[in-house]
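Here the structure comes first, spelled out in structure tokens, and everything after it is commentary.
Bear in mind these aren't lab numbers, they're just calculated from the coordinates by the rules spelled out. Here the structure is a predicted model, which is why all the values come from computation and not from measurement. Neighbour counts are summed over all protein chains in view; Cβ atoms, including those assigned to glycine, are modelled from backbone coordinates with ideal geometry.
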């Protein structure tokens with residue numbers, strides 16, 4: 001008798017499941033169409049985020065900046081900032097993409113110094129980067145060295161370029177060679 005009831009229950013469950021409506025997944029955005037956005041680990045990258053993801057992110061970052069980000073000195077802050085990182089696309093080509101990073105940072109005009117929270121206890125992991133493009137100009141420096149570099153290099157016209165592509169083209173332009181050499185000299189001192 002129990003066996004018959006079990007069979008009846010299984011059959012009813014199967015029939016009930018076959019009549020339920022299937023839920024369609026939302027169509028992926030053009031950025032989400034690459035295969036990396038279908039895994040949980042890759043789905044957390046900003047390129048894979050939906051408008052709802054961005055809204056939640058912005059709400060949380062705002063809360064963190066207001067309530068949980070004590071300053072470390074006059075201008076030093078803790079929180080999120082954008083940098084440029086190298087990744088490989090589906091064809092194996094290296095591409096430069098913006099990446100959100102969390103750590104400590106300080107602005108110096110069009111440049112900023114920063115250190116990832118993962119290197120909190122490493123005194124020589126400070127970087128100097130361009131604010132608009134996220135491009136790094138000096139890495140593996142002490143805080144004192146990074147501040148000196150940023151203060152001495154912040155007023156160059158080269159930093160008026162907005163994107164990473166514009167900045168790299170300006171660096172390659174022979175008309176900017178003298179300025180590029182001055183910036184290199186500052187970074188190598």
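Observations on the structure shown:
- The order of the peptides 140-150, 115-125, 89-99 by mean Cβ neighbours within 10 Å, most packed first, is 140-150, 115-125, 89-99.
- Here the scattering of the stretch 74-189 is modelled by Debye summation over its C-alpha atoms, one equal scatterer each and no solvent; at q = 0.12, 0.14, 0.20, 0.23 Å⁻¹ the log10 of I(q)/I(0) is -0.43, -0.58, -1.12, -1.35.
- Calculation over all alpha carbon pairs of the stretch 125-186 in 10 angstrom steps from 0 returns a P(r) of 23, 56, 21, 1 percent.
- Protection proxy ranking, highest mean first, for peptides 157-163, 82-88: 157-163, 82-88, where packing is the per-residue count of other beta-carbon atoms within 10 Å, averaged.
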